Amino acid sequence: MCNLYAMESASSAIRAAAAAMTDRTGNLPAMPSIYPDYAAPIVRNGPNGRELVMARWGMPSPAFALKGHKVDRGVTNIRNTESPHWRRWLGPAHRCLVPFTAFAENGLLPDGRIQPVWFAAAESRPLRFFAGLWTSWTSVRKVREGEITADLFGFLTTEANAVVAPVHPKAMPVILEAADEIALWLEGDWGAASVLQRPLDPDHLMSLQAGSAL
């Protein structure tokens, strides 16, 4: 379950890779450690084409998960796309790209401690995208904030490939690389786009150094 990733590419590089015409992020800084409920950039379909915007990481939780809780901390990773909870957001209007340069999974050290292990497409940590979903939602994310309406996002997971499995055998994020994959995810009907929920070719991913940050 990926609950930490990095995004250190410039907004111009994200717009170019995603063919986004509009940038609503302002002066986008490097983000070496993005955690759940942090604001981070996504690319989505806007009224005038693809747009780069900021949203908070964590989609609305299913109703059963909120019983007895006053705060919804959100769902960062989405696996079961057949669930009625997620089906409402599977159309192109609610799909997004989540730019990243590396992501972490928790690894178990010999002494029993947990430590993040980072993965990227290469040592140079080139820009890639998670296949994401987004929505605007009213909820209580933090008690001190009270009820707010915010743009939220999460990204899909799938079976772990041979690179991620030794650290986290259950799942890995769905990663998009090519322009045709990006177009299919943002524009295709669900029957076609759903084939993208598959492990990345292990030759296109590598393990980096362990640690809490890059």
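Quick note: the coordinates plus some simple rules give every number you see, no bench work behind them. The structure presented is a predicted model; accordingly, all values stated were derived computationally and were not measured. Here the Cβ positions follow ideal geometry from the backbone for every residue, glycine too, while neighbour counts run over all protein chains shown.
Structure notes:
- Lone qualifier among A104, A6, A18 - being crowded, with 20+ Cβ neighbours inside 10 Å, touching a helix residue (DSSP H, G or I) at 6+ places or on another chain (Cβ under 9 Å) and in contact (Cβ under 8 Å) with a residue 40 or more places away in the chain: A18
- Residues within segment 135-167 that are touching a residue at least 12 places away in the same chain (Cβ under 8 Å), more than 15 Å from R95 (Cα to Cα) and either touching a Gly at 6+ places or on another chain (Cβ under 8 Å) or basic (K, R) (or both), tallied: 4
- Considering the conditions (1) in a strand (DSSP E or B); (2) surrounded by fewer than 20 Cβ atoms within 10 Å (Cβ to Cβ), F130 is excluded by exactly one of them, (2).
- Search result, residues across segment 40-72 that are of a type in the set (F, W, Y) and more than 15 Å from A131 (Cα to Cα): F64
- Residue count for segment 81-115, restricted to those that are over 14 Å from the mean Cα position of the chain (by Cα) and closer than 25 Å to M54 by Cα: 10.
- Scanning segment 12-68 for residues that are outside any strand (DSSP E or B) and not aliphatic (A, V, I, L, M) yields a total of 20.
- In segment 145-176, the residues that are under 19 Å from the mean Cα position of the chain (by Cα), part of a loop (DSSP other than H, G, I, E, B) and of a type in the set (D, E): E159
- Residue count for segment 29-69 under the criterion of being in contact (Cβ under 8 Å) with a residue 24 or more places away in the chain and surrounded by 13 or more Cβ atoms within 10 Å (Cβ to Cβ): the result is 24.
- Only one entry in D203, D151 is more than 25 Å from R56 (Cα to Cα) and among the charged types (D, E, K, R), namely D203.
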